[in-house]
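The structure appears below as structure tokens.
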Amino acid sequence: MSYSEKVLEHFEHPRNVGDLPSPDAEVRLEHPVCGDIMSLAVKLSDGRIDQVRYRTRGCVASIAAGSCLTEMMLGKSLAEASSLQREHLLEALGGLPNASVHATHLAMDALAQVLKKLKA
């Protein structure tokens, strides 16, 4: 299985990894098929995503997808973050092998759940 340079960069040097003290919203999801787990935490400031952290226990693609997603989320309003699509993440990663596409589903499900909590 070969990964794009972008995937390998995010895997080897993940961004925004760790815990976020007192987040405005936090979720933890497990992919039902592969078992990868992703946590995503967000803090807002002036209606925008000011801080975001994630943790992933899973494959190369899941770690890279979480890292890339957090970069895509930073600075966005909730509406802008809601408009992010799985295809945007896949494109930002430079594509993924078919066997690894599940990673984008996990990341986008985590985004949807954290946004749902923020809007509640």
Next item on the list: Go through the residues of region 57-68 one by one and say whether even a single one is of a type in the set (Gly, Ala, Ser), touching a Lys or Arg at 6+ places or on another chain (Cβ under 7 Å) and part of a helix (DSSP H, G or I).
Entry: yes
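Suppose we filter 49, 37 for residues that are β-branched (Val, Ile, Thr) and either free of Cβ contacts under 8 Å to residues at least 12 places away in the same chain or touching a helix residue (DSSP H, G or I) at 6+ places or on another chain (Cβ under 7 Å) (or both); which single one remains? Let's see the steps before the verdict.
On the way: 37 fails: either free of Cβ contacts under 8 Å to residues at least 12 places away in the same chain or touching a helix residue (DSSP H, G or I) at 6+ places or on another chain (Cβ under 7 Å) (or both).
Within the list 49, 37, the selection yields 49.
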Check: Hey, does region 21-36 have a residue that's among the aliphatic types (A, V, I, L, M) and part of a helix (DSSP H, G or I)?
Finding: no
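Residues checked against (1) of a type in the set (D, E, K, R); (2) surrounded by 22 or more Cβ atoms within 10 Å (Cβ to Cβ); (3) in contact (Cβ under 8 Å) with a residue 60 or more places away in the chain; (4) under 18 Å from residue 42 (Cα atoms):
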| position | (1), (2), (3), (4) |
| --- | --- |
| 71 | yes, no, no, yes |
| 74 | no, no, no, yes |
| 78 | no, no, no, yes |
| 93 | no, yes, yes, no |
| 97 | no, no, yes, no |
Notebook entry, point to check: Given 41, 64, which one is under 18 Å from residue 117 (Cα atoms) and buried (at least 17 other Cβ atoms within 10 Å of the Cβ)?
Noted result: 41
Check: How many residues, within region 1-20, are surrounded by fewer than 16 Cβ atoms within 10 Å (Cβ to Cβ), over 13 Å from the mean Cα position of the chain (by Cα), of a type in the set (A, V, I, L, M, F, W, C) and outside any helix (DSSP H, G or I)?
Finding: 1
Note to self: I'm told residue 76 meets every condition in (1) in contact with a strand residue (DSSP E or B) (Cβ under 9 Å, 6 or more places away or on another chain); (2) basic (Lys, Arg); (3) closer than 14 Å to residue 104 by Cβ except one. Can you identify the failing condition by its number?
What the structure shows: (3)
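Coordinate-derived values only; no laboratory data. Please read all numbers here as calculations on a predicted model, not as lab measurements. Note: ideal-geometry Cβ built from the backbone for every residue, glycine included; neighbour counts use all protein chains shown.
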